[in-house]
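The values are calculated or read from the model by the stated rules, or taken from the named source; none is laboratory data. Keep in mind it's a predicted model, so treat the numbers as computed, not measured. All Cβ positions, glycine included, derive from the backbone under ideal geometry; neighbour counts span all protein chains shown.
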Amino acid sequence: MRAVTGFTLVLGVVLAGAGCSSDEPAKQPLAATASASPPASPSPTAPPEHPFTGREGSALKPVLAVKIENTPAGKPQMGLRSADIVYVEQVEGGLTRLMAIFSSKLPAQVGPVRSARISDLHILPMFGKPALGYSGVQTRMIPFVQQASLYDVSDSAVPSAYSRVSGRVAPYNLFASPKKLLAKASKASNAQDVGFTFSDEAPDGGTAKKSFSVKYPAARFTFTWSASQKRWLITQDGRKDMAAEGGQQGAPTIVVQWVKTDRSQFHDFHGSYTPLVHSVGKGKGVVLRDGKAYDVSWSRPSEEEGTTYTTADGEPMPFSRGQVWVVLASKKPVSP
């Protein structure tokens, strides 16, 4: 019995050894098998869109608004092509002046810089507390500027940021450095939502348009679609609106916003009244993009809120990505 038992133990050991020397690969532990597979990569997150242009990957930087001359004497303008948004506003005599909004990109120089108007102070609160570059205001308007939600970086407040350029006649020769202006407004609000919606795809509907014109009492704008440039090229008073940097001014999206415009309490030294453009409230408009015109409704409940634009079916009207011009005009031009 002892011999049999011993033989059985020896045989068990031999068989166990034979099993370990098998040609079949040994099974790996479960933990080792799991670690051999690379960890799953997280789904890529699309970079955020800039609220002013819809372009991806743009950091939210401080906002700078600059008042720019818009008569033949001030052409060609410099720096406008770098603006995120350009507002067109009626001023004295039925003429227009621009307010350019910069944040995602700053040009080296911008101008000619001119004086601010009361309508600017009603538009700017939607940007939080931006910096405002300008050259003077009417004396009676100074307290309004001082109380407004903005950082004053005018030529009086930051003279070192401004310079007179040769070859132009005063007052149309004053230009500013946006970088120097923002250096004096370190706490200016960063870009934020102002109501715009963007999409690469145009919505259904719209009316095909080769050009679209807007009249002011003493100015006329025509926006002509360029399929090759994918922009609406701007002509003012029958002349191409050229940029000092080269090329014609224009933008992928033009918003024509019909607004109430009446007389403010201010006027210039000629006695012409200063228009007050009502950018708060509701109204109608037209959005130009991709060679089409879309009828829209606009709404801005308060000065601190942005302006939203909706199509006839109540959906947000998407803009093309890139610069946006907002043309604030009266359906029936108000006489100067």
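Rundown of residues vs (1) among the polar types (S, T, N, Q); (2) within 15 Å of Val86 (Cβ to Cβ), yes/no style:
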{"site": "Ser226", "(1), (2)": "yes, no"}
{"site": "Ile234", "(1), (2)": "no, yes"}
{"site": "Thr253", "(1), (2)": "yes, yes"}
{"site": "Gly281", "(1), (2)": "no, no"}
{"site": "Thr307", "(1), (2)": "yes, yes"}
{"site": "Thr310", "(1), (2)": "yes, no"}
| region 154-198, residues that are closer than 22 Å to Val324 by Cβ and aromatic (Phe, Trp, Tyr) | Phe196, Phe198
| remark: Inside region 285-313, the number of residues satisfying the requirement of being within 25 Å of Ser226 (Cα to Cα) and among the charged types (D, E, K, R) is 4
| Listed residues Ser135, Ser119, Ser115; which is crowded, with 17+ Cβ neighbours inside 10 Å, in a helix (DSSP H, G or I), in contact (Cβ under 8 Å) with a residue 40 or more places away in the chain and of a type outside the set (A, V, I, L, M)? | Ser119
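Filter the strands (runs of 3 or more DSSP E) completely within region 264-318 down to those with at least 3 residues that are modelled with pLDDT under 95.
Values: elements: 273-278, 281-289, 292-300, 308-310.
Those strands (runs of 3 or more DSSP E) span 273-278.
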| Matching residues, region 138-153, being in a loop (DSSP other than H, G, I, E, B) and either free of Cβ contacts under 8 Å to residues at least 24 places away in the same chain or not hydroxyl-bearing (Ser, Thr, Tyr) (or both) | Gln138, Ala148, Leu150, Val153
| Single condition Gly246 does not satisfy, out of (1) touching a strand residue (DSSP E or B) at 6+ places or on another chain (Cβ under 8 Å); (2) more than 22 Å from Val327 (Cα to Cα) | (1)
| Filter result (small (Gly, Ala, Ser), surrounded by fewer than 19 Cβ atoms within 10 Å (Cβ to Cβ) and either in contact with an Asp or Glu (Cβ under 7 Å, 6 or more places away or on another chain) or farther than 20 Å from Arg321 by Cα (or both)) within region 57-92 | Ala73
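Here is a yes/no grid of residues against (1) touching a Phe, Trp or Tyr at 6+ places or on another chain (Cβ under 7 Å); (2) in a loop (DSSP other than H, G, I, E, B):
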| position | (1), (2) |
| --- | --- |
| Asp193 | no, yes |
| Phe196 | yes, yes |
| Ala202 | no, yes |
| Gly205 | yes, yes |
| Phe212 | yes, no |
| Phe223 | yes, no |
| Ser228 | no, yes |
| Trp232 | yes, no |
